[in-house]
Amino acid sequence: MKQFTIKTAKEAGKILLRYFHKALKVKQKGAKGNIVTNADLAAEKYIIGAIRKKFPNHDILSEEMGEKKIGKSEYKWIIDPLDGTRNFASGIPFFSVLIALTKKGKIILGVVYDPVHDELFFAEEGKGAYLNNKKIKVSREKSLTGAVVKLGWVWSRKRFKKVGRYYVRFSKYTSWIRRYGSVSSLAYLACGRLDVAMHIGANPWDYAAPAIVIKEAGGKTTDLKGNPYDITKREILAANSRLHKFVLRNIIK
């Protein structure tokens, strides 16, 4: 499954690059500001087609298509064909393909592929995390002072106020607070580019792949109450164990 997933993500990335910086067909969907483009749909069509051909009995959950339950399979693929659609549509070169596989609801494999920078994060349960075939680990940062923090959220007034409170609390310790416009940037924590990552309001297709990459890189992933992350959660907090504990006690509290 490893080679299949990597190949599928890379091929989907090639599709996205063919649309990037070109005229796009853009539609609004759901909440204000949430969009889908013909690039999302083309990449999704390819990924789903590849899965159905290779694993015809597996279930699929994809951002644009929704959930397709094929039968009684214990496997489910979770897909975001274009994470960072707003960046993509605006010509900002920061977006990714996300593909994860669950077995009986547990994430067992995940790929985050950034086609612009040709960076592929991969993890399989119990086998570590890798960036372009090089094993990676979360940072050993011990203090929030000077730590690089990612804060992200899906827009709503309630979430904005909540994240705003966290921003103020984080800023008492560090000024290095980032928002990338792509949930896939969570994977940066797995290789030490980030020390803490928090995101609120996204969906399984946003979190599943980076969550297993972080976990296999030695990071801790939970919801904002400290409960282990699973695909039913719409929020995630990730860091090394020491910083994770500090954030729960002093930022979220």
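Just so it is clear, none of the values below were taken in a lab; they were calculated from the coordinates. Nothing here was measured: the structure is a model prediction, and the numbers come from that model. Note that we place each Cβ from the backbone using ideal geometry, even for glycine, and neighbour counts take in every protein chain shown.
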Other-chain or far-sequence residues with amide H under 5 Å of SER62's (modelled H): GLU67, LYS68, ILE79
Given charges at Cβ of Lys, Arg, Asp, Glu: segment 149-252 dipole, positive-most of TRP176, PHE160, TYR229: PHE160
Positive dipole terminus of the chain, leading residue within VAL196, ILE108, LEU17 (C-beta point charges): VAL196
Global size of segment 5-69 as Cα Rg and Dmax, reported in angstrom: 13.0, 37
Residues GLU11, GLU44, GLU64, sorted so that the one with the fewest Cβ neighbours within 10 Å comes first: GLU11, GLU64, GLU44
Geometric extent, Cα atoms of segment 180-253 - Rg, Dmax (angstrom): 10.9, 29
Dipole moment magnitude, nearest 20 debye, segment 86-224 about Cα centre, only Lys, Arg, Asp, Glu C-beta charged: 740 debye
Among LYS76, LYS14, LYS215: highest mean-square fluctuation, GNM of the chain, C-alpha pairs under 10 Å: LYS14
Sparsely packed chymotrypsin sites (Phe, Trp or Tyr not before Pro) within segment 128-157, loop by DSSP, other Cβ within 10 Å at most 14: TRP155
Segment 191-253-segment 40-57 distance, computed between alpha-carbon centres (Å): 28 Å
Residue with peak Gaussian network fluctuation, the chain [Cα springs, cutoff 10 Å], from LYS45, LYS72, LYS225: LYS72
Long-range amide H partners of THR221 with built H, under 5 Å: TYR229
Rounded to 5, percent antiparallel among DSSP beta bridges of the chain: 80 percent
Residue-by-residue Karplus 3J(HN,Hα) for segment 39-53, coefficients 6.51, -1.76, 1.60, Hz, glycine and proline x: 5, 3, 5, 5, 5, 4, 4, 5, 4, 5, x, 5, 5, 5, 6
Dimensionless Rg/Rh of the chain - Kirkwood Rh, Rg from C-alpha atoms: 0.95
Sequence-distant residues sharing a close amide H with VAL148 (under 5 Å, placed H): ASP195, VAL196
Additional length obtainable on full extension of the chain from SER73 to GLU119, 0.36 nm per residue less Cα span: 13.4 nm
